[in-house]
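Participant: I'd like to ask some things about the structure below.
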Amino acid sequence: MGIRKYFGTDGVRGRVGNAPITPDFVLRLGHAAGVVLAERHILPAGERPAVLIGKDTRISGYMLEAALEAGFSSAGVDVMLAGPIPTPAVAYLTRALRLQAGVVISASHNPYYDNGIKIFSAGGHKLPDAVEAQIETRLEAGMGCVEAAHLGRAARIDDAAGRYIEFCKSTFPNELDLRGLKIAVDCAHGAAYHIAPRVFHELGAEVVTAGAAPDGFNINADVGATNPESLRQTVLAHAADIGVALDGDGDRLIMVDRQGEIYDGDKLLYVIAAAKQAKGKVGGVVGTLMSNLGFEHAIVRLGLPFARAKVGDRYVLELLHEKGWRLGGENSGHIICLDCHTTGDGIVSALQVLAALREKGQTLAQACSALVFYPQKLVNVRLPLGFEWQADAGIKAAQEAAEKELGDSGRVLLRPSGTEPLLRVMIEGKDGAQVERLAQEIATVVRKAVGG
């Protein structure tokens, strides 16, 4: 498949007002997606394809929602508007309502001035590459409009949040509850602001809410899963038993224990894996190239096979399906429990962690006691446009020397950023001082190679 012009690893994303996140492009994107969906889903005579549109709390969501609605309608596709709901809620409702697609208007953990469009298939999965390629091809053909008699209609789903709340609760064991727990919930002023606190409260917890006052501009601003220090302070200030932080679109999870210790995606994935392994519900675990080596070793000690995907929850999901496994994730907090949902879900993942702790009567610290992380150092080096770092003999020699020195006790990873002109130099090993030194040595070689 050739290089796609608009779709990246997580849909179409960019700064609002700059191509491609402009109202005219999103109008054409809605039309192109509608045409492709209509061609792929042959329905009985008189029925039109239907899509669900959800969004996060960014001010630009109003504009982009209207553009998408018009684009789909012009292609003869009905639109169901869900308002602000998490990305995984769109995936769930698309499947539950037997719709032909679900669309999310969100830039996830990015600042408010960014936004994006991602599309789920009828089964609640990220849209396959082949279908995204079809949409891009259709975009180049220009925009038309069906006859007036065949235009799509729009309707609002008033109970979208309530439906999703009940779904989330259904993934928590019936015989358990959260009574006696005080839980701090940081919603990142994002799409879960009116949903996550209710889920935990309805399961019996006393809830302290933070990051739940969106104004269109404060999404992810010093709160949420990308800024866990805010949750840490909330937990300590309110003497909460545990804290839950989501990102702007509700598909990432970071947690904090009552002592203020922060638990990233690797640690939380380990807790879930250990609990589900005891019930034979895992098969294997997928991490990414950035997953800590200590995490990999701990998963293997559980008796589970482990595999690494490229960075990105899309690739984790692809590898899970390829291997027929049920559990995977990233240290950034994307956790995928395929026995519960078709995609990563911050609220559902938090419930799986809490269920594991309740079943074993453990704290997060106790549940992670067998998990020993190796020191890890990441250095970003800016690259000139078009610089072929893989072909540079000096960089290759420095990487090989570091790998030889570390042996089996560490890892060397060089990978380009998917969103910035950067080369990420990551070293991992048992000796922190050695890890720091090797990372800086390779970074210095890279800087000299690019001339600065």
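Participant: So which residues in the stretch 35-73 are among the basic types (Lys, Arg) and open to solvent by 60 Å² or more (accessible area, probe 1.4 Å), if there are any at all? Spell out the reasoning first.
Facilitator: Here is the first cut: in the stretch 35-73, the ones among the basic types (Lys, Arg) are 40, 48, 55, 58.
Within the stretch 35-73, Arg40, Arg48 qualify.
Participant: Kindly provide the set of residues from the stretch 315-355 that are aliphatic (A, V, I, L, M), touching a helix residue (DSSP H, G or I) at 6+ places or on another chain (Cβ under 7 Å) and open to solvent by 20 Å² or more (accessible area, probe 1.4 Å), ordered by number.
Facilitator: Leu338
Participant: Separate question: Pairs under 6 Å by beta carbon, first residue part of a helix (DSSP H, G or I) in the stretch 348-376, partner open to solvent by 10 Å² or more (accessible area, probe 1.4 Å) and among the β-branched types (Val, Ile, Thr), six or more apart or different chains?
Facilitator: Listed by first residue and then by second, the contacts come to Val348/Thr171; Leu351/Thr171.
Participant: Restricting attention to the stretch 251-265, does a residue exist that is of a type in the set (Ser, Thr, Tyr), touching a helix residue (DSSP H, G or I) at 6+ places or on another chain (Cβ under 8 Å), open to solvent by 30 Å² or more (accessible area, probe 1.4 Å) and not in a helix (DSSP H, G or I)?
Facilitator: No, every residue in the stretch 251-265 fails to be of a type in the set (Ser, Thr, Tyr), touching a helix residue (DSSP H, G or I) at 6+ places or on another chain (Cβ under 8 Å), open to solvent by 30 Å² or more (accessible area, probe 1.4 Å) and not in a helix (DSSP H, G or I).
Participant: I would also like to ask the following. Restricting attention to the stretch 95-109, does a residue exist that is part of a helix (DSSP H, G or I), out of contact with any Phe, Trp or Tyr (no Cβ under 7 Å at 6 or more places or on another chain), in contact (Cβ under 8 Å) with a residue 40 or more places away in the chain and open to solvent by less than 50 Å² (accessible area, probe 1.4 Å)?
Facilitator: Just the residues of the stretch 95-109 that are part of a helix (DSSP H, G or I), to begin with: 95-96.
Checking which are out of contact with any Phe, Trp or Tyr (no Cβ under 7 Å at 6 or more places or on another chain) leaves us with 95-96.
Next, from what is left, pick out any that are in contact (Cβ under 8 Å) with a residue 40 or more places away in the chain: 95-96.
Going one step further and asking which of them are open to solvent by less than 50 Å² (accessible area, probe 1.4 Å), we end up with 96.
Yes.
Participant: Those residues that are in a loop (DSSP other than H, G, I, E, B) and of a type in the set (D, E, K, R), I need them from the stretch 266-303; list them, please.
Facilitator: Listed by number, the residues that qualify are Lys279, Lys281.
Participant: Okay, moving on. Check whether at least one residue in the stretch 213-224 is free of Cβ contacts under 8 Å to residues at least 40 places away in the same chain and within 21 Å of Leu178 (Cβ to Cβ), and report yes or no.
Facilitator: no
Yes or no, residue by residue, for (1) over 23 Å from the mean Cα position of the chain (by Cα); (2) under 27 Å from Asp313 (Cα atoms); (3) of a type in the set (Ser, Thr, Tyr):
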| site | (1), (2), (3) |
| --- | --- |
| Arg4 | no, yes, no |
| Arg13 | no, yes, no |
| Thr22 | yes, yes, yes |
| Leu29 | no, yes, no |
| Leu37 | yes, yes, no |
| Ala50 | yes, yes, no |
| Ser60 | no, yes, yes |
| Ala67 | yes, no, no |
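Participant: Still on this structure, please answer the following. Hey, among Gly312, Gly294, Gly283, which residue is in contact with a Phe, Trp or Tyr (Cβ under 6 Å, 6 or more places away or on another chain), open to solvent by 10 Å² or more (accessible area, probe 1.4 Å) and at pLDDT below 95? Lay out the reasoning, then the answer.
Facilitator: Working: Gly312 fails: in contact with a Phe, Trp or Tyr (Cβ under 6 Å, 6 or more places away or on another chain); Gly294 fails: open to solvent by 10 Å² or more (accessible area, probe 1.4 Å).
Going through Gly312, Gly294, Gly283 in turn, just one is in contact with a Phe, Trp or Tyr (Cβ under 6 Å, 6 or more places away or on another chain), open to solvent by 10 Å² or more (accessible area, probe 1.4 Å) and at pLDDT below 95: Gly283.
Participant: For the stretch 3-29, how many residues meet the condition of being in contact (Cβ under 8 Å) with a residue 60 or more places away in the chain and open to solvent by less than 60 Å² (accessible area, probe 1.4 Å)?
Facilitator: Of the residues in the stretch 3-29, 13 are in contact (Cβ under 8 Å) with a residue 60 or more places away in the chain and open to solvent by less than 60 Å² (accessible area, probe 1.4 Å).
Participant: OK, next. Looking at Met80 and the list (1) open to solvent by 50 Å² or more (accessible area, probe 1.4 Å); (2) assigned to a loop (DSSP other than H, G, I, E, B); (3) in contact with a strand residue (DSSP E or B) (Cβ under 8 Å, 6 or more places away or on another chain), which single condition is not satisfied?
Facilitator: Unmet for Met80, out of (1) open to solvent by 50 Å² or more (accessible area, probe 1.4 Å); (2) assigned to a loop (DSSP other than H, G, I, E, B); (3) in contact with a strand residue (DSSP E or B) (Cβ under 8 Å, 6 or more places away or on another chain): (2).
The values are calculated or read from the model by the stated rules, or taken from the named source; none is laboratory data. Just so it is clear, the model here is predicted, and its values are computed rather than measured. Note that we place each Cβ from the backbone using ideal geometry, even for glycine, and neighbour counts take in every protein chain shown. SASA here: full protein model, heavy atoms, side chains in, ligands and nucleic acids out. Shrake-Rupley method; radii C 1.70, N 1.55, O 1.52, S 1.80 Å.
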